[in-house]
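The next block holds one structure in the form of structure tokens; read it before the comments.
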Amino acid sequence: IMKKGIDNLETLNPNMLSTRSYIEMWFSNMMSSVQRLYRNNAPESLDYYVLYCMGVLKNEVFYPSQNLQGNAYIDYLNHVRYQLRHMGCDELMNVIWPQLFQVNDEQLSQESLPALLNLSRACLESSGIYVLFNTFYVYIWVGNDVDSFFLQQLFNVDSLDEIANIEISEEELF
């Protein structure tokens, strides 16, 4: 769906709002066909499909941003379109449905990965440190009540106030 929308945006109509309408119409037609096929007894997995499609519509390629203006915005959008067009399904899934991990667990080691969490505010605790990954960006959320041990281990600082003033390189992060 995302790649069809990018094709529409690049070849048929460069207007973002009409492309969003194109995706919504395509999705609506497909869901109508599914409902006719299953006669209102569709599999539960289709609920996730609806969420994924909503995630596509929220992507910055189809949802204009106010952060960049003029040629910088056009260049940025073309860069993102190019990247999305050449991604595999696994990478696209992370764009639509980002991965959330809690990284301040004493049981974690170099060999084990933290468990994926639901993308919900209810999963965030003030004593946690979380990483959100969406293929393009890595966001780190640090709760107000994080143990100083983890602050020292992860960021080499003693208090939360010091984090705002540090820069972490990619090598240090990974």
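Residues with beta-carbon under 11 Å from that of residue 144, excluding residue 144: net charge, scoring Lys, Arg +1 and Asp, Glu -1? Taking every other residue near residue 144 into account, the sum is -3. Other residues lying with their Cβ under 15 Å from the Cβ of residue 99 contribute a combined charge of -2, Lys and Arg counting +1, Asp and Glu -1.
Excluding ligands, DNA and RNA, the accessible surface per residue across the stretch 50-147 is 66 Å² with a 1.4 Å probe. So, counting K/R as plus one and D/E as minus one, what does the shell of residues with Cβ under 13 Å around residue 32 add up to? Value of the local net charge: +1. Report note on the peptides 120-126, 25-31: ranked by the mean count of other C-beta atoms within 10 Å, highest first, their order is 25-31, 120-126. The label point for residue 50 and the one for residue 75, both projected 7 Å from the Cα toward the Cβ, are 4.2 nm apart. Rounded to the nearest 0.05, the FRET efficiency derived from the C-beta distance between residue 139 and residue 107 at R0 = 25 Å is 0.60.
The values are calculated or read from the model by the stated rules, or taken from the named source; none is laboratory data. It should be emphasised that the depicted structure is a prediction, and the values quoted were computed from it without experimental measurement. Cβ coordinates were reconstructed from backbone atoms using ideal geometry, including for glycine residues, and neighbour counts include every protein chain displayed. Side chains included, ligands, DNA and RNA excluded: accessible areas come from the protein's heavy atoms. Shrake-Rupley method; radii C 1.70, N 1.55, O 1.52, S 1.80 Å.
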